[in-house]
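Notes for the one structure printed next.
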Amino acid sequence: MNEVSVASGTAECLAPLDCDDCDQVTGSVAMDAAERVGRVRRQRGQGLPSFHWAWTWLTLTLTARIGAAVYVLDDKGGLGPQFDGIGGLSGGGATSRLLVNYPEPYRSQILDYLFKPNFGASLHILKVEIGGDAQTTDGTEPSHMRNENDENYSRGYEWWLMKEAKKRNPNIKLIGLPWAFPGWIGCGNDWPYTCPDKTAYYVASWIHGAKLYHNLDIDYVGIWNERAFDRKYIEVLRKSLDKVGLKNVGIIAADGTWGIASDMLVDPYLNDAVEVIGAHYPGTFSSSNARKTRKKLWSSEDYSTVNDHVGGGCWARILNQNFVNGNMTSTIAWNLVASYYKDLPFGQDGLMTADEPWSGHYDVQSPIWITAHTTQFTQPGWHYLKTVGHLQKGGSYVALTDGKGNITIIIETMTRDHSICIRPPLPPYDVFQQNVTFKLQGSFKNIEALKVWHSKFDFVKNSSTFFNQMSEIKPINGSFSLQLKLDEIYTMTTVNTGNRGSFPEPPPSTSFPKVYKDSFNVESPPFSEAPNFADQTGVFEYFINYQDPGEHVFTLRQVITQRPITWGNDADQTISVIGDYKWRNLNITCDILIETANTGGVFIAGRVDKGGQVVRHAAGLFYWVFADGRYKVTNDLPGKTVLASGQSGTRAGKWHTLTLIIQDNLAFGLLNGYPLWKNVHVLQPQNGWAAIGTHSFELAQFDNFHIEAS
């Protein structure tokens, strides 16, 4: 246990060394003074200090500390807004893709660090993407309704994740938000608001399916992530939810800017429909119009920053200052866990990293423990005190209470360069070491002890420490003092259940296996997608091919046949990547079945260098075959840079085996085991993932996928 240097900030403690009050101070200044005086006198060969000697030293020491700024924490004037919790976001998109593939016990350990109360991040909120079959940042997530008569509530992994979160914390709040929509929603237009009744039906069905098939109660639902809102649609959605018994599901809008607030102020129907105004990356400030609505204000997506120490500092700063500056009562991190290939956009932007299911390795980074400073000692339903704010010499403090005598105080002193978030730009500011005194008033005045938890970022010696319990503070007449250094976080609380959970070290980090095979022979797959394939446009799912007379009964199938109402910039082709981005030389073999006559086509590829929202610009080495009996080799996904072409004899409805060999700057292609093309020069890119895909949004199947990389 470490000690906190604490002194009373009141004159009452200026008394003889044996006064009762001073003896109650943990890490007492009086004892510190006496020890130092005694040390000096012993060095001089003198006896113990006289009372006058020690008293003089103590007086000087306390006088210096009395100069500290004083901050009053009081509930006599009533409480501030209700605290709504801290959360993480899975989706937007496919950010938990690799997590589901982790072997036990490592998968459960990761989930414990995220959701288990009094263990790690102990999150209060889980927000997930309502999948729309389209690219939404780092991949695609499947939809529950691909047409008006299709409902399937087993696709994807967000259902599983919500259930795992609920297992660990039954009180966790659940939120759903669409990023993209299946094409049928638009009634012939690329717009989800053309037929608001259909879109509302689609969203309400997802909420009903969560309850009916997974016993999950969704608490809130959003509109359309970071895109235009539509007044009529929001009002239709509210009426639709009410009509089917979902009155308790609150609407969050508009998950972009604060702009919807001005409309709410002049439209009482819109105002009544929206329960929470949610903004993304607000820079800790809300708008005056948002505050005028008197609605709950949330930072409904924030952070989005690499989970190194600067990322942890960003998270520490905004968790406090979103309320101090913007009156926001909830903050939700994008993303929950960085469980996608790190070379995709926004690699390692999660609260922790778990991107190696093949090894079982994961990293618990500082944002997990920064989260714990708030989540382990508060709960949604607590209230902020009105008496919170900025420290005089930089940093901030908040205090929350359950209204039953408990109080939790969180202090951060993050410097500017050590707490930059990815967005928005952070203006310059200064933070200094400082002495502070807190005076507990009102119902907190007689608190006898506060538990203390401490984190310290060290950007020089790389000796940072996170979420360590220190000696408790014993206030004197409601007052206590702290010496605050730079880049620190303190939690002082009456709650005694805090815990820094731990597991044995996970297996060491390893690269993706250089030899990898998947026959897709899984009769009852636990998830709809095959392990380690990361869909970037389109959706590739396990499929049972009952009509196949041979060995291709269990396959992987690309299933999206209509371009979705997109959120990102999906490619015109479908593509799923896999493997190690550093791969250069490799052999890829895969059986393929073109299902679309005349116009259909499929590819296998290596050295694919782009994914996510820029996937349509991906380069690599793409080996295509088509239903009309042609082949081509291209240097890009759109197929515009043709390196070779000719006749292949391939056709729809027949299985073919493709083999792609890339060796240094040369590539070779086999069809059904025989050479089809050779000695194609490949200058760029030098490395990238392996991939499979289709020529358009069309049905196609893949089987017996095999990679050997060197």
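The values are calculated or read from the model by the stated rules, or taken from the named source; none is laboratory data. Everything numeric in this text was worked out from a predicted model, so none of it was measured. So basically every Cβ, Gly included, is an ideal-geometry build from the backbone, and we count neighbours across all protein chains shown. Heavy atoms of the whole protein, side chains included, go into the accessibility calculation; ligands, DNA and RNA do not. Shrake-Rupley method; radii C 1.70, N 1.55, O 1.52, S 1.80 Å.
Find how many whole Å separate the alpha carbon centroid of segment 274-296 from the alpha carbon centroid of segment 628-646.
Cα centres, segment 628-646 to segment 274-296: 51 Å.
Would you mind pulling out the separation of the Cα centroids of segment 579-593 and segment 357-420, in Å?
45 Å
Relative contact order for segment 234-327: what is it in percent, counting Cα pairs under 8 Å that are at least 6 residues apart?
25 percent
For segment 575-683, give the percent of accessible area contributed by carbon and sulfur heavy atoms, probe 1.4 Å, rounded to a whole number.
Of all accessible area on segment 575-683, carbon and sulfur atoms account for 50 percent.
Starting from the coordinates of the alpha-carbon atoms of segment 138-275, obtain the Kirkwood hydrodynamic radius over all distinct pairs and give the value in Å to one decimal.
Its Kirkwood hydrodynamic radius stands at 15.6 Å.
Give me the distance in nm between label points sitting 7 Å out from Cα along the Cα-to-Cβ direction at Lys654 and Glu708, one decimal.
Roughly 2.7 nm, to one decimal.
Need the full-extension length gain, Asn271 to Lys485, defined as separation in residues times 0.36 nm minus the C-alpha distance. One decimal, nm.
Stretched fully, the Asn271-Lys485 segment lengthens by 72.6 nm.
If you take every DSSP beta bridge whose two residues both sit in segment 341-466, what share of them, in percent to the nearest 5, is antiparallel? Mind showing how you got there, number by number?
Values: 13 of 14 bridges.
If I count the DSSP bridges inside segment 341-466, around 95 percent turn out antiparallel.
I'd like the carbon and sulfur percentage of the solvent accessible area for segment 339-421, probe radius 1.4 Å, heavy atoms only, ligands and nucleic acids excluded.
Values: 1030 of 2320 Å².
The value for segment 339-421 is 45 percent carbon and sulfur by accessible area.
Using a simple spin-label model with points 7 Å from Cα along the Cα→Cβ vector, what separation in nm is obtained for Ser108 and Leu666?
The two pseudo-label positions are separated by 5.3 nm.
From the Cα gyration tensor of segment 76-169, with a ≥ b ≥ c the square roots of its eigenvalues, which class applies: rounded if a/c is under 1.5, or else prolate if a/b is larger than b/c, or else oblate? Don't skip to the end; give the middle numbers.
Values: a/c = 2.41, a/b = 1.46, b/c = 1.65.
Oblate.
What shape does segment 155-215 take by its C-alpha gyration tensor, where a ≥ b ≥ c are the square roots of the eigenvalues and a/c under 1.5 counts as rounded, a/b above b/c as prolate, and the rest as oblate?
Because a/c hits 1.5 or more and a/b exceeds b/c, segment 155-215 counts as prolate.
Counting other Cβ atoms within 10 Å, which trypsin sites (Lys or Arg not before Pro) in segment 169-262 have at most 13 and lie in a DSSP loop?
Here the trypsin sites (Lys or Arg not before Pro) that fit, given the DSSP loop and packing criteria, are Lys247.
What are the residues whose amide H is under 5 Å from the amide H of Ile407, where those residues sit 5 or more places off or on another chain and H is modelled from the backbone?
Amide H to amide H, under 5 Å and 5 or more residues apart or across chains, Ile407 pairs with Thr494, Val495.
For the pair Lys517 and Asp197, what calculated FRET efficiency results from E = 1/(1 + (r/R0)^6), where r is the Cβ-Cβ distance and R0 = 51 Å, to the nearest 0.05?
Taking R0 as 51 Å, the efficiency between Asp197 and Lys517 is 0.60.
Quick one: length gained pulling Asn118 to Asn171 fully straight, 0.36 nm per residue minus the C-alpha distance?
17.7 nm
Quick one: what are the phi-derived ³J(HN,Hα) couplings along segment 571-577, Karplus 6.51/-1.76/1.60 with θ = phi - 60°, whole Hz, x for glycine and proline?
5, 7, 9, 9, 7, 10, 9
Given H placed on each backbone N at 1.01 Å, which residues far from Thr537 in sequence or on other chains put an amide H within less than 5 Å of it?
Close amide H contacts, sequence-distant or interchain: Ile575.
When a/c is below 1.5 the answer is rounded, else prolate if a/b is larger than b/c, else oblate, so apply that to segment 76-119 with a ≥ b ≥ c taken from the square roots of the Cα gyration tensor eigenvalues.
Oblate.
Taking 0.36 nm per residue of separation and subtracting the Cα-Cα distance, what length does fully extending Gln547 through Arg231 add? Present the calculation step by step, with values, prior to reporting the outcome.
Numbers: separation 316, 0.36 × 316 = 113.76 nm, distance 4.80 nm.
Value of the extension gain: 109.0 nm.
Taking the dipole about the Cα centre of segment 518-662, with the C-beta of Lys and Arg at +1 and of Asp and Glu at -1, give me whichever of Thr634, Val577, His552 is farthest to the positive side.
Thr634
Would you mind computing, in nm to one decimal, how far apart the modelled labels at Val642 and Gln441 are, each placed 7 Å from Cα along Cα→Cβ?
Going by the 7 Å Cα→Cβ label model, 8.1 nm.
For the pairs Lys173/Lys474; Lys517/Lys582; Lys76/Lys166; Lys296/Lys474; Lys166/Lys247, note any where the Cα-Cα span goes beyond 25 Å.
On the way: Lys173/Lys474 35 Å; Lys517/Lys582 19 Å; Lys76/Lys166 37 Å; Lys296/Lys474 35 Å; Lys166/Lys247 21 Å.
Pairs exceeding 25 Å: Lys173/Lys474; Lys76/Lys166; Lys296/Lys474.
At 1.4 Å probe size, with every protein chain present, just tell me what the per residue accessible area of segment 457-497 comes to in Å².
With all protein chains present, segment 457-497 gives 40 Å² per residue.
If R0 is 30 Å, what FRET efficiency do you get for Ala69 and Lys461 from their C-beta distance, rounded to 0.05?
Efficiency computed from Cβ-Cβ geometry: 0.55.
What does the net charge come to around Asp458 if you take all other residues with beta carbon closer than 11 Å to its beta carbon, with K and R at +1 and D and E at -1?
+1
Counting only DSSP beta bridges with both residues in the chain, what percent are antiparallel, rounded to the nearest 5? All intermediate terms of the calculation are to be shown ahead of the outcome.
Details: 107 of 147 bridges.
Approximately 75 percent, going by the DSSP bridge assignments.
So, in Å, what gap is there between the alpha-carbon centers of segment 109-140 and segment 687-710?
Each part reduced to its Cα centre gives a spacing of 28 Å.
With Cβ to Cβ distances under 11 Å as the rule, what net charge do the other residues near Val306 carry (K, R +1; D, E -1)?
-1
Per-residue counts of other Cβ atoms within 10 Å, averaged by peptide: what ranking do you get for 266-278, 585-597, 128-140, highest first?
Order by mean packing, descending: 128-140, 585-597, 266-278.
What pairs in Lys292/Lys386; Lys295/Lys393; Lys295/Lys404; Lys127/Lys456; Lys211/Lys610 have C-alpha atoms more than 27 Å from each other?
Lys295/Lys393; Lys127/Lys456; Lys211/Lys610
Would you mind estimating how fast the chain diffuses translationally, via Stokes-Einstein at 10 °C and 1.306 mPa s with the Kirkwood radius over Cα pairs, in µm²/s?
57 µm²/s
Can you give the calculated 222 nm mean residue ellipticity of the chain, where each DSSP H run of n ≥ 4 adds -39,500 (n - 2.57) and the sum is split over every residue, rounded to the nearest 500 deg cm²/dmol?
After summing the helix terms and dividing by the residues of the chain, the value is -5500 deg cm²/dmol.
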